[in-house]
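Enquirer: The structure under discussion is supplied below as structure tokens; questions concerning it will follow.
The values are calculated or read from the model by the stated rules, or taken from the named source; none is laboratory data. Please read all numbers here as calculations on a predicted model, not as lab measurements. A quick note on method: Cβ atoms are made from the backbone with ideal geometry, for glycine too, and the neighbour counts reach across all protein chains shown.
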Amino acid sequence: MERERAGKMEITTRAPGKIILAGEHAVVHGYTAVASSIDLYTVVSLRLSTEDEDTIKLQLNDIGLDFSWPIERIKEVLSHLGSPFSSTPTTCSLETVKSLTALVDEQSFPETRIGLASGVCAFLWLYTSILGFKPATVIVSSDLPVGAGLGSSAAYCVALSAALLAFSDSVKLDVNQKGWLMFEETEVELLNKWAFEGEKIIHGRPSGVDNSVSTFGNVIKFKSGNMTRINCNMPLRMLITNTKVGRDTKALVANVSARKSRHPDAMCSVLNAIESISDEWSTIIQSHAVDDLSLSTNEEKLGELMEMNQGLLLSLGVSHASIEIVLQTTMKYKLASKLTGAGGGGCVLTLLPTQLSGAVVDKLVEELESYGYQCFTAGIGGKGVQISFDGSS
Ligand SMILES: Nc1ncnc2c1ncn2[C@@H]1O[C@H](COP(=O)(O)OP(=O)(O)OP(=O)(O)O)[C@@H](O)[C@H]1O
Ligand SMILES: C[C@@](O)(CCO)CC(=O)[O-]
Ligand SMILES: [Mg+2]
């Protein structure tokens, strides 16, 4: 393999988190969403071990858990699948998920962290499918809060797929280049497909918007599995408030589907209304404001769209008391907010208009943080997944 021949046994990849500007949940049912990458990353470093070491090690720094599996044990469970098949992204069958869960359970997984088990299963699936049974150590660390609506699961799957593919025959990169590098278009499409397979293990029924925006970066419009890149021609500033209320995307997505099957007509109208909001979002941010007045008119429209989108998300059943507190607080400052990602807690976006003074933002942040929430801003619309051969971080 190229990298092994070149003596580069360790690589690092990073994939950004995201915010959904409009259309979460609706996108799972084939309606449009608009999402943007943010400059908070999940970083994966992968070091191939020498052949005499016989384990695959996974170190999850953010949650403080380490795993180590003897290669022979993993082979026992998975070798009948004929991996690796790095160029053919393949869905993990329910039966194989069960076998992977058994491999995770053997590692005395703490009861309280059970939600994290699916992430470890996704790792095992991606690892063995792409690299087979080579000994290695994989270390994951992230700037993103895990399970808070900023696409931590997608960034994890994208960064992992990128690191694994970099050691497979499916990716050809020049290992002598320095700094963060982009993948070729065909490589990036392949790794996005693998990341989607990982997301399926974590989410159950992902739309693909999160892994696509993490892979390709920038701002995208997404509908029925198809992505369109969007040129955002206006400055977008969002305050992100993490309510720190834990939630699980898989359960929230399943609850919305159940509500849809109970009330198909009403839910269809709600989802159609959300799609109109996403379409208007994409039109507004692509337009060029000719002066400050038209910029602030556009910002007001986006604020209204966020309020409407939030109202519709409430009717899908994915808001939460903590989210409502953020909404009421920002409303006092005449600022519009909506939940982002799966909801049920997690993060809320507040649009910060260009003319808003820093003093007002500081006061708002102080008030929100007095509830125990955490506020921050992030750069919107940066690059997607990248790789480094010289330990850039
Ligand atoms: N840095 C990480 N280390 C280990 N596991 C992670 C990491 N990031 C994500 N995961 C996995 O993803 C799961 C969280 O995914 P989930 O989809 O529920 O939340 P999210 O992706 O942060 O939010 P959303 O899907 O709404 O954007 C965790 O329980 C874990 O299995
Ligand atoms: C809730 C959801 O729409 C977005 C999660 O970030 C799920 C998905 O699209 O896969
Ligand atoms: Mg997720």
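Yes or no, residue by residue, for (1) in contact with a strand residue (DSSP E or B) (Cβ under 9 Å, 6 or more places away or on another chain); (2) without any contact (Cβ under 8 Å) to a residue 40 or more places away in the chain; (3) acidic (Asp, Glu); (4) not in a strand (DSSP E or B):
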residue: 349; (1), (2), (3), (4): yes, no, no, no
residue: 355; (1), (2), (3), (4): no, no, no, yes
residue: 360; (1), (2), (3), (4): no, yes, no, yes
residue: 364; (1), (2), (3), (4): yes, no, no, yes
residue: 372; (1), (2), (3), (4): no, no, no, yes
residue: 375; (1), (2), (3), (4): yes, no, no, no
residue: 391; (1), (2), (3), (4): yes, no, no, yes
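Enquirer: Still on this structure, I have one more. Give the number of residues within the stretch 317-347 that are hydrophobic (A, V, I, L, M, F, W, C) and within 15 Å of ligand 1 (Cβ to nearest atom).
Expert: Residues in the stretch 317-347 being hydrophobic (A, V, I, L, M, F, W, C) and within 15 Å of ligand 1 (Cβ to nearest atom): 5 in total.
Enquirer: Right, here's the next one. Residue check: is residue 42 buried (at least 23 other Cβ atoms within 10 Å of the Cβ) and touching a helix residue (DSSP H, G or I) at 6+ places or on another chain (Cβ under 6 Å)?
Expert: yes
Enquirer: Go over the candidates 249, 241 one by one and state the one that is closer than 17 Å to residue 18 by Cα, surrounded by 24 or more Cβ atoms within 10 Å (Cβ to Cβ), away from ligand 2 (no atom under 15 Å from the Cβ) and among the hydroxyl-bearing types (Ser, Thr, Tyr).
Expert: After applying the criteria, what remains is 241.
Enquirer: Would you call residue 176 assigned by TED's automatic domain parsing to the domain that holds residue 120, within 16 Å of residue 35 (Cα to Cα), away from ligand 2 (no atom under 16 Å from the Cβ) and surrounded by fewer than 19 Cβ atoms within 10 Å (Cβ to Cβ)?
Expert: no
Enquirer: Please find, within the stretch 136-163, the residue that is farthest from ligand 2 (Cβ to nearest atom) out of those that are farther than 21 Å from residue 205 by Cα and buried (at least 24 other Cβ atoms within 10 Å of the Cβ).
Expert: Restricting to residues being farther than 21 Å from residue 205 by Cα and buried (at least 24 other Cβ atoms within 10 Å of the Cβ), the top hit is 163.
Enquirer: Moving on. Taking residue 54 as the residue in question, decide whether it is of a type in the set (D, E, K, R), within 16 Å of ligand 1 (Cβ to nearest atom), at pLDDT 90 or above and assigned by TED's automatic domain parsing to the domain that holds residue 132.
Expert: Criteria not met by residue 54.
Enquirer: Exactly one condition in (1) more than 16 Å from ligand 2 (Cβ to nearest atom); (2) modelled with pLDDT of 95 or more; (3) in contact with a helix residue (DSSP H, G or I) (Cβ under 8 Å, 6 or more places away or on another chain); (4) over 25 Å from residue 113 (Cβ atoms) is false for residue 48; which is it?
Expert: Tallying (1) more than 16 Å from ligand 2 (Cβ to nearest atom); (2) modelled with pLDDT of 95 or more; (3) in contact with a helix residue (DSSP H, G or I) (Cβ under 8 Å, 6 or more places away or on another chain); (4) over 25 Å from residue 113 (Cβ atoms), residue 48 fails exactly one: (2).
Residue-wise test of (1) in the same structural domain as residue 113 (by TED's automatic domain parsing); (2) touching a His at 6+ places or on another chain (Cβ under 9 Å); (3) within 11 Å of ligand 2 (Cβ to nearest atom).
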| position | (1), (2), (3) |
| --- | --- |
| 170 | yes, no, no |
| 220 | yes, no, no |
| 245 | no, yes, no |
| 258 | no, no, no |
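Enquirer: Further question: Mind telling me which of the residues 144, 173 ends up being within 12 Å of ligand 1 (Cβ to nearest atom) and of a type outside the set (S, T, N, Q)?
Expert: 144
Enquirer: While we're here: Any residue in the stretch 158-181 that is within 12 Å of ligand 3 (Cβ to nearest atom) and either modelled with pLDDT of 95 or more or under 16 Å from residue 386 (Cβ atoms) (or both)?
Expert: Yes: one or more hits.
Enquirer: (1) touching a residue at least 40 places away in the same chain (Cβ under 8 Å); (2) of a type in the set (Gly, Ala, Ser); (3) assigned to a helix (DSSP H, G or I); (4) touching a Ser or Thr at 6+ places or on another chain (Cβ under 9 Å): which one isn't true of residue 115, the others all being true?
Expert: (4)
Enquirer: Say whether the condition of being at positive phi and not hydrophobic (A, V, I, L, M, F, W, C) is met by at least one residue in the stretch 287-295.
Expert: No, because not a single residue in the stretch 287-295 is at positive phi and not hydrophobic (A, V, I, L, M, F, W, C).
Enquirer: Next up: So which residues in the stretch 332-347 are under 14 Å from residue 303 (Cβ atoms) and assigned to a strand (DSSP E or B), if there are any at all?
Expert: 337, 338
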